[in-house]
Amino acid sequence: MNGNDPRRWERETYAVAAPQTDLARAFAALSAKRSRIDRLFAYYDGEQPLRYSTARLQQAFARIDAKFSENWCATVVDSLVDRLALTGFALRTDQAAQDVLDTIWQQEHLEIETDDVAEDVAVCGESFVIVGRDEDGLTRVVHNDPRVCTVAYDKSNPRAPAFAAKWYDEGGQRHLTLYYTDRLEHYVSRGATEQVQSASGFTLEDEQANDTGRIPVFHVRSRVRRIYGELQNATEPQDAVNKLIADMMVAAEFGAFKQRYIISQADVSQLRNAPNEIWSIPAGDGDGSESTQVGEFSATELANFTQAVDHWANAIARITRTPAHYFFAQGGNISGDALVAMETPLARKAAKYQERLGACWRDVASYALALNGRDVPAHEIECVWEDVRTVQPAAEADVVGRLVAAGVPLKTALRRGGWTEGDLSMLDEDKAAESASQASLAQEMLNRARAQFDAGRTNPLAG
């Protein structure tokens, strides 16, 4: 090109790059996320590297064979996941649809799948659920590892997915599927898995129609702005904990025992440093040199390490809003009210997670019903969770009793105590059934009394 071309700047300024294909976007997203998620799951599983502040220290400790660590990352995740127990779906307006959901829940073992999804979201901030039908026509709801799936969202509507993608390795090749509202595109790598370096290494193998009008991949995420798990800010303090513990074990091996010394001109080679040994220390040689002396070097104080470990463990607790008693043994008996107060931040965090996970699970349930010919909007489906709070039954009953005594309606008091609308509806049903049972029992007793009375009147021997 002529460097003096007066139109060159205009062509360069207004040049527009060719739009990236969906296959290329999916390949880039799946490739980029793998290392980050691998690292977070490694920290959760306790497979954590030992970090050093300088390269010199790393060289000095390079020959240490044993590994010591305290895996507090697992405590952070497990304490949250324990409070994210989804027990089922409730649909009050359509019993037939409720029966379908109950069947899917049982045959797909969703109590396990929901736990796996909650664990993924707590560790790395996202998880994926794919819903479809198998060859036998059964509805399948399957949790998928976040490292093998991705969802691209519409730029004009960040809540609306444009397409989803999943890849997996099979038969020495990499397979990648793109999911759209109207079709599914299946690609396969032209070479071996390890040879695939870009989207250009794939070939379209098959395409099939999607007649549901919805993308069957559901993205469960903790935040919309950024994929963010509970371990995002906990890995560096965990590194500090592991380094301190490793240093403490080295100090325990080399410096925790007091080292003895002897200054003498005499032969001390026969003295043994062992338990129950009595030393016979020879006197000095008397030539005017320094007299015989014995002493000891102080041991390394291991409490310095344990105090520092406690500091960093406490930092992890504060950063992740995990109650400190999950990390440290608490002396004495903690009262119920104190325990509730200590675990309130964790309970509130779990409640937020329930809201976000529940929104996705309602979409999953609605889509599963659509595959079975039931058109039920997601907002009509209720997720039934276990209570995230630390419940003290006696204290809770006392609060409800005091509210009712003060004139607050029972249902209002129970609602303030954490009862859901489903729980309150079940209460009404149970009360109605109990009233009907009591009325039936009273009627039966009345009929029996009448029968006895009538039998007495017709008996000529009756008084």
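What the table below lists for this structure:
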| read-out | value |
| --- | --- |
| Whole-angstrom gap from the stretch 346-360 to the stretch 181-198, using each part's C-alpha centre | 36 |
| Ranking by accessible area, most exposed first, for ILE263, ILE316 with a 1.4 Å probe | ILE263, ILE316 |
| Solvent-accessible surface (1.4 angstrom probe) belonging to VAL196, in square angstrom, nearest 10 | 20 |
| Label-point separation, TYR180 to ASN314 (7 Å along Cα→Cβ), nm | 5.8 |
| Rounded FRET efficiency, nearest 0.05, which uses the C-beta distance separating TYR228 from GLN197 and R0 of 22 Å | 0.15 |
| Mean separation of Cα contacts under 8 Å (6+ apart) over length of the stretch 93-244, as relative contact order % | 23 |
| Percent breakdown of C-alpha pair distances by 10 Å bin, ordered from the shortest bin, for the stretch 151-260 | 12, 23, 22, 17, 11, 9, 5, 1, 0 |
| Sites MET342 and ARG92, calculated FRET efficiency, Cβ-Cβ separation with R0 45 Å, nearest 0.05 | 0.80 |
| Spatially proximal lysines relative to LYS166 (Cα-Cα < 26 Å; intrachain offsets below 8 disregarded) | LYS33, LYS155 |
| Protein accessible area in the stretch 120-179, 1.4 Å probe - carbon and sulfur % | 46 |
| Extension gain (nm, one decimal) between SER425 and ALA451, 0.36 nm per residue minus Cα-Cα | 5.5 nm |
| Ratio Rg/Rh, restricted to the stretch 93-209 and using Cα atoms, in which Rh is the Kirkwood radius | 1.02 |
| Area of LYS166 that stays accessible when all protein chains are in place (1.4 Å probe, Å², to 10) | 50 |
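The values are calculated or read from the model by the stated rules, or taken from the named source; none is laboratory data. Just so it is clear, the structure is predicted and the values come from calculations on it, not from any experiment. Heads up, the Cβs are rebuilt from the backbone with ideal geometry, glycines too, and the neighbour counts pull from every protein chain shown. We work out accessible area using only protein heavy atoms, side chains counted, and drop any ligands, DNA or RNA first. Shrake-Rupley method; radii C 1.70, N 1.55, O 1.52, S 1.80 Å.
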